[in-house]
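Chemist: Input: one structure, supplied below.
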Amino acid sequence: MAETDRIRLDKWLWAARFYKTRAQAKAAIEGGKVQHQGERCKPGKEPRVGDVYQVRQGFDTRTVVVRALSTQRQGAPQAQLLYEETPESIAAREKAAAGRKALGAGLVISEHRPTKKQRRQIHRFRDERDTPRED
């Protein structure tokens, strides 16, 4: 790993494999998805060893501590040495993932589009539901 004194935050996030491209890393920083001490950052911010960042990716927010600096993107095992995720962050991510998984268990997703007959049944059901009943 190339140890440097000065490196841009977007380049470090790219090298640590949080984002696939520097452009994605820059967009995430500008969009407020990367925070340092609860404050939004700029792509040109210089991370230092020991800094704590909150990085939001999809549904998950990771709290990471910078352990090393690198300007080159390397393999995943080397990239994981650049940061350390806090135990609280790992527990929160696992809890959130379990919650999402539990909610998705009752979700039925069809593998195909409805047939013409099924579409007619759907329309008939909706029409019956929307018309007021006379009792």
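Chemist: Looking only at the stretch 49-67, which residues have a backbone nitrogen under 18 Å from a spot 7 Å from the Cα of GLN80 in the C-beta direction?
Modeler: Backbone N within reach: 62-67.
Chemist: So, with a 1.4 angstrom probe, what is the percent of accessible area on the chain that is carbon and sulfur?
Modeler: 50 percent
Chemist: Mean separation of Cα pairs under 8 Å and 6+ residues apart, divided by the residue count of the chain: what relative contact order is that in percent?
Modeler: The value is 21 percent.
Chemist: Which residues among the stretch 49-69 fall inside the zone where the amide N is under 16 Å from a point 7 Å beyond the Cα of ARG40, along Cα→Cβ?
Modeler: Residues passing the 16 Å test: 54-56.
Chemist: Now a separate question. Of LEU81, LEU13, LEU69, which is the most mobile in a GNM of the chain whose springs link Cα atoms less than 10 angstrom apart?
Modeler: Of the options given, LEU81 has the highest mean-square fluctuation.
Chemist: Here's another thing I want to ask about it. So which of LYS42/LYS101; LYS33/LYS95; LYS42/LYS95; LYS11/LYS33 end up more than 26 Å apart, counting from Cα to Cα?
Modeler: From LYS42/LYS101; LYS33/LYS95; LYS42/LYS95; LYS11/LYS33, over 26 Å: LYS42/LYS101; LYS42/LYS95.
Chemist: Given a 1.4 Å probe, how much area per residue of the stretch 33-135 is accessible, in Å²?
Modeler: Counting only protein heavy atoms, the per-residue value for the stretch 33-135 is 79 Å².
Chemist: Additional query: I need the phi-derived Karplus couplings for the stretch 80-96: 6.51 cos²θ - 1.76 cosθ + 1.60, θ = phi - 60°, integer Hz, Gly and Pro marked x.
Modeler: In residue order, the calculated couplings are 5, 7, 6, 9, 9, 7, 6, x, 5, 5, 4, 5, 5, 5, 5, 5, 5 Hz.
Chemist: Here's another thing I want to ask about it. Just LYS45, LYS26, LYS116 to compare: in a GNM of the chain, with alpha carbon springs under 10 Å, which one fluctuates most?
Modeler: LYS116
Chemist: Next up: Going by a ≥ b ≥ c, the root eigenvalues of the Cα gyration tensor, does the stretch 20-89 fall in the rounded group (a/c under 1.5), the prolate group (a/b larger than b/c) or the oblate group?
Modeler: It comes out rounded by the Cα gyration axes.
Chemist: Under a Cβ-only charge scheme (Lys and Arg +1, Asp and Glu -1), can you give me the dipole magnitude of the stretch 10-135 about the Cα centre, in debye to the nearest 20?
Modeler: 620 debye
The values are calculated or read from the model by the stated rules, or taken from the named source; none is laboratory data. Quick caveat, the model's predicted, so the values are computed rather than measured. Counting neighbours? That spans all protein chains shown, and the Cβs are built from the backbone with ideal geometry, glycine included. Please note that ligands, DNA and RNA were not included when accessible areas were found on the heavy atoms of the full protein model with its side chains. Shrake-Rupley method; radii C 1.70, N 1.55, O 1.52, S 1.80 Å.
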